[in-house]
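Visitor: Before I ask anything, here is the structure I am working with.
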Amino acid sequence: MLDIKQIPISEINQNRKINANFVRMKNLMDVKMASYLRYLGTKNAVNRASDYHYLCLAVTDSTAPVNGIDYIHPSVKPVVDYATAVIAKGLMPNGEINFEFVADSEDDEIAARQANDMVSKVVNQMNDPHFILERWIMDANMHKNGMMMIKPIREPIVRYVETQGTNDQLRAFEQQASDSGLTALRQTKRRINVDMEKTLAEVQQLLSEEKKSFAQEMLDSHMNTMTNIEEEPDMESMTMARNEMSQGHLETQEEILNEAIKRNTIYTAKYKLTGYNVNVKFVPIAQHYWICDPTVPEMKDQPFCGYYDPMTIQEATELYPGIDLEQFREHAEYNMNGAYQAGSVLNNLAIHARDSVPIMGIPVSSASSADPDSRQVSIVTVWNKYDIDGDGELELVELIYSGSYIISAKEVEFIPVANMCPKPLPGNFYGMSIAESVIPMQEYNTSAARAEIQLGLLTATPRIGVKPDRLDFEMLQDGESAIFILDSKFDPTKDIYQLPPPSGNLQFLEVAMNRIQQDTMAMVGMTTPTDVFNPEVMAPGNSGVKLQLALTPNQIIQDNTVRNSAEGLKEALWLVWRTLIQYGDDYGVKKLAQKFHPDKQPVFLDYQAWDDMNFCDRKQIHLELALGMMSEENALGRLQIIQKCQSDLYQATQGMVQVGTLTPEIYQKIKKPFADTLYVLGVKDCDTYLPSDDEVKQMIQQGQEAAKNKEPSPSDKKDLSMAALNDAKTKQVQSEMVGDSAKSQLEFMSMAQGNPKVY
């Protein structure tokens, strides 16, 4: 498997086949990066124009100053800011990214919930979702696509622990540390004491067992001797055998004592615990540094992609700690060809590190400096599908290099970059940015506004005409106040005349600018000018009332914009989960998994299943969109639906408890429609509002006990007494008819004695 680190390309041993293939791939990458930069030159030029127009900077042949008027009408910036804010709100209801990994089956629900909680912890608490999404969405709105790299940050953990215990307890401590993702290195171990109470108890127990076994051995030996020896036994030999067994018995007792002491000896030991605490960072990639195949729409299918990253040598050593400085200084790329072609140093804008808009007081980085480590180098990170091991199948190789110095080269399983494209184009990787779509409107609005400004200035400024031979041009150029040649021939009535004020009809401009403004809003989905840009994104199963509230003419287009952006966010969430899988054996991931494990064990269930090759890929993600924009009336209606679900379920359950027909299986079927209703409303865990299975069982038991101990009402008591009286009368009549009553028995006795009763 390919794994090359911190070495110049010239020092790689090409006698190995995999290394020779890698060197060929590296040469191919140099050619590809240069050719694809030229291939994407138009894209970068359009994006730079979008940046200039967003910053209201003059652009040649577009909004360049005319007659000294440099006013630029802002059309790009308001639209980009507006769309960015609304899409960010749509992706973050209530300020958080709410999502759920859909379970593959019922058996997968626990693992899916743990994965969901872990990724949510990383995204919403260990990072700032608003900070990440705001910049990511703005990048996508201005530069066709927004690229976000999901980068693991592994921070080394070192702890020094001193503990006491027996050998078994120390081994258990080491095993516990290993299960938690830490490596335990024992530095010292010293014996301090022996637990005599436990030793004595253990010896007594073992000796009693040993005595029983010794007596059984003596009896068995004696029986064997009597069975095998026919003549008279030799007393001397019997005595010797008994002595040998006694001696062995004593040695066994000594071994038992020594082993008991060893097991109960207490040691003090010092350990050095090392591990990694993992966090996942969202690192944006500037679009003008990004390179890929523009004919492949999806990121996961890209055969080749990567980006330039210009930085100083000092920054490179901090970002990649294992760099050999001496060799890196010699073999790194200093000319920054790729960065120049991408427009980062000379043509870039203030929006990207202000390296192309020099400001007084801020130094501009250059290729040479007094400090050698302050020189700029260009580091390339690229992912390429290549048959690196010659087995006939393409492997995904991640290569990080600068010039001829290889920082890292290894085989990977996925490209850790998510792509957000609010306005995609069919069959293309790059979409159409919102900024570039409204650039023509800014140009026409700027021209119209400048015409108004120029006409106003000409109208407000009085002008006079003078014969040229009556002007002193030298004094005029020097700025003197006397500009006329005042002599006897100067005639104010003939040599000076007043110019008529300029006239023009600009009423059509107002109509035209209003029309352009409507077209500007239509480019971002505002087809109905009176409507608002307020996406109420539809989720499956919403009611007709909500559809009527949400789907206005504008909403359909804008809803689609938010959904397109959500695809990139889903991809980023999956990459976070996949990164946690990649480092599932680290201390930080296990600690995070323990917090959300049902039994509080440091086990990441998806990582464990991945290791067993029995896993769910978690590609299906339910993302909650724009629910935070619902009105207060809708929120109150939602709470009323939840309350109705609670009361209806309680009534149905109580009725079945009273008649004794409620079972756990029946309760699950009764509960399911109510749980589905809450799920549509955004309640992922229905037990938050509805009674769980254990609570229902407890309710059934309490109902049965209450029914047993319940006192009957007065009317019930009367009915019960009447029923008992009627039952007694019935039994009396039956006994009289049968002859079992006391009166009948006396009459039978009288008849038997010859004294029958006379009626």
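The values are calculated or read from the model by the stated rules, or taken from the named source; none is laboratory data. All of these numbers come straight from a predicted model, not from anything done at the bench. FYI the Cβ positions are ideal-geometry reconstructions off the backbone, even for glycines, and counts take in every protein chain you see. Ligands, DNA and RNA are excluded from the accessible area calculation, which covers all protein heavy atoms including side chains. Shrake-Rupley method; radii C 1.70, N 1.55, O 1.52, S 1.80 Å.
Visitor: Would you work out the charge dipole size for region 563-683 about its Cα centre, treating the Cβ of every Lys and Arg as +1 and the Cβ of every Asp and Glu as -1, and quote it to the nearest 20 debye?
Guide: The calculated dipole for region 563-683 is roughly 200 debye.
Visitor: Something else about it: Roughly speaking, to the nearest percent, how much of region 379-453's 1.4 Å accessible area is carbon and sulfur?
Guide: About 54 percent, which is the carbon plus sulfur part of the accessible surface.
Visitor: Each label point is 7 Å from the Cα along the Cα-to-Cβ direction; what then is the distance between the points at Gln732 and Gln698, in nm?
Guide: Label-label distance for Gln732 and Gln698, simple model: 5.2 nm.
Visitor: Using the Cβ atoms and a cut-off under 10 Å, what net charge is assigned to the surroundings of Arg263, where Lys and Arg are +1 and Asp and Glu are -1?
Guide: -2
Visitor: Please give every one of the lysines within straight-line cross-link reach of Lys467, meaning a C-alpha to C-alpha distance under 19 Å, and leave out same-chain neighbours fewer than 8 residues apart.
Guide: Counting by Cα, and skipping residues close in sequence, Lys467 has these lysines nearby: Lys489, Lys494.
Visitor: Would you mind calculating the gained length between Ser408 and Thr461 on full extension (0.36 nm times residue separation, minus the Cα-Cα distance), in nm to one decimal? Each step should come with its number before you reach the end.
Guide: Details: separation 53, 0.36 × 53 = 19.08 nm, distance 6.82 nm.
Result for the pair: 12.3 nm of gain on full extension.
Visitor: Which residues among region 86-121 fall inside the zone where the amide N is under 18 Å from a point 7 Å beyond the Cα of Lys669, along Cα→Cβ?
Guide: Output list for this probe position: empty.
Visitor: Go ahead and run the numbers for FRET between Gln187 and Asn614, Cβ-Cβ distance against an R0 of 56 Å, rounding to 0.05.
Guide: Working from the Cβ atoms, E equals 0.90.
Visitor: For region 436-452, in order, what is each residue's ³J(HN,Hα) by Karplus, 6.51 cos²θ - 1.76 cosθ + 1.60 with θ = phi - 60°, in whole Hz (x at glycine and Pro)?
Guide: 5, 6, 10, 4, x, 5, 5, 5, 5, 4, 5, 4, 5, 5, 5, 5, 5
Visitor: Could you report the accessible area of Val680 in Å², rounded to 10, computed with a 1.4 Å probe on the protein chains as they sit in the structure?
Guide: Only protein atoms counted, so the area is about 60 Å².
Visitor: What pairs in Lys151/Lys570; Lys300/Lys591; Lys121/Lys410; Lys121/Lys281 have C-alpha atoms more than 24 Å from each other?
Guide: With Cα atoms farther than 24 Å apart: Lys300/Lys591; Lys121/Lys410.
Visitor: In Å², and per residue, what accessible area does region 40-105 have when probed at 1.4 Å with the other protein chains present? Please list the in-between numbers first.
Guide: Numbers: 2780 Å² over 66 residues.
The answer is 42 Å² per residue.
Visitor: Same structure again: Mind checking which lysines have their C-alpha under 29 Å from Lys198, skipping anything on the same chain fewer than 8 residues away?
Guide: Of all the lysines, those that pass the test against Lys198 - Cα under 29 Å, at least 8 places apart if same chain - are Lys189, Lys211, Lys212, Lys262, Lys270.
Visitor: How large is ³J(HN,Hα) for each residue in region 385-392, as worked out from phi by the Karplus curve 6.51 cos²θ - 1.76 cosθ + 1.60 (θ = phi - 60°), to whole Hz, x for Gly and Pro?
Guide: 8, 8, 7, 6, 9, x, 8, x
Visitor: Can you give the extra length, in nm with one decimal, that the chain gains between Thr60 and Gln477 once fully stretched, where that is 0.36 nm per residue apart less the Cα-Cα distance?
Guide: Value of the extension gain: 147.1 nm.
Visitor: Okay, moving on. Say each of Gln646 and Tyr71 gets a label point 7 Å from the Cα, pointing the same way as Cα to Cβ; how far apart are those two points in nm?
Guide: Using points 7 Å along Cα→Cβ, the separation is 6.0 nm.
Visitor: Net charge near Asp387: determine it from the other residues with C-beta under 13 Å of the C-beta of Asp387, scoring Lys and Arg +1 and Asp and Glu -1.
Guide: Overall, the nearby charge balance is -2.
Visitor: Excluding residues fewer than 8 places away in the same chain, name every one of the lysines whose C-alpha is closer than 23 Å to that of Lys77.
Guide: Qualifying lysines at Cα under 23 Å: Lys43, Lys89, Lys144, Lys423.
Visitor: Could I ask something else about it? Using the Karplus curve 6.51 cos²θ - 1.76 cosθ + 1.60 with θ = phi - 60°, what ³J(HN,Hα) values do you get for each residue of region 697-705, in whole Hz, with x for Gly and Pro?
Guide: So the Karplus estimates, Gly and Pro as x, are 4, 5, 5, 5, 4, 5, x, 5, 5 Hz.
Visitor: While we're here: Under 14 Å from the Cβ of Ile434, count the other residues' Cβ atoms, weight Lys and Arg +1, Asp and Glu -1, and hand me the total.
Guide: -2
Visitor: Give me the extension gain from Leu499 to Ser35: residue separation times 0.36 nm, minus the current Cα-Cα distance, reported in nm with one decimal.
Guide: 161.0 nm
Visitor: So, one more: GluC sites (Glu not before Pro), restricted to region 272-322: which are DSSP loop and have at most 16 other Cβ atoms within 10 Å?
Guide: Taking region 272-322 and a limit of 16 other Cβ atoms within 10 Å, the loop GluC sites (Glu not before Pro) found are Glu298.
Visitor: Starting from the Cα of Val102, step 7 Å along the direction of its Cβ; do the same at Tyr334; then give the gap between the two resulting points in nm.
Guide: 5.6
Visitor: So, R0 is 56 Å and r is the distance between the beta-carbons of Met656 and Asp585; what FRET efficiency does that work out to, to 0.05?
Guide: 0.70
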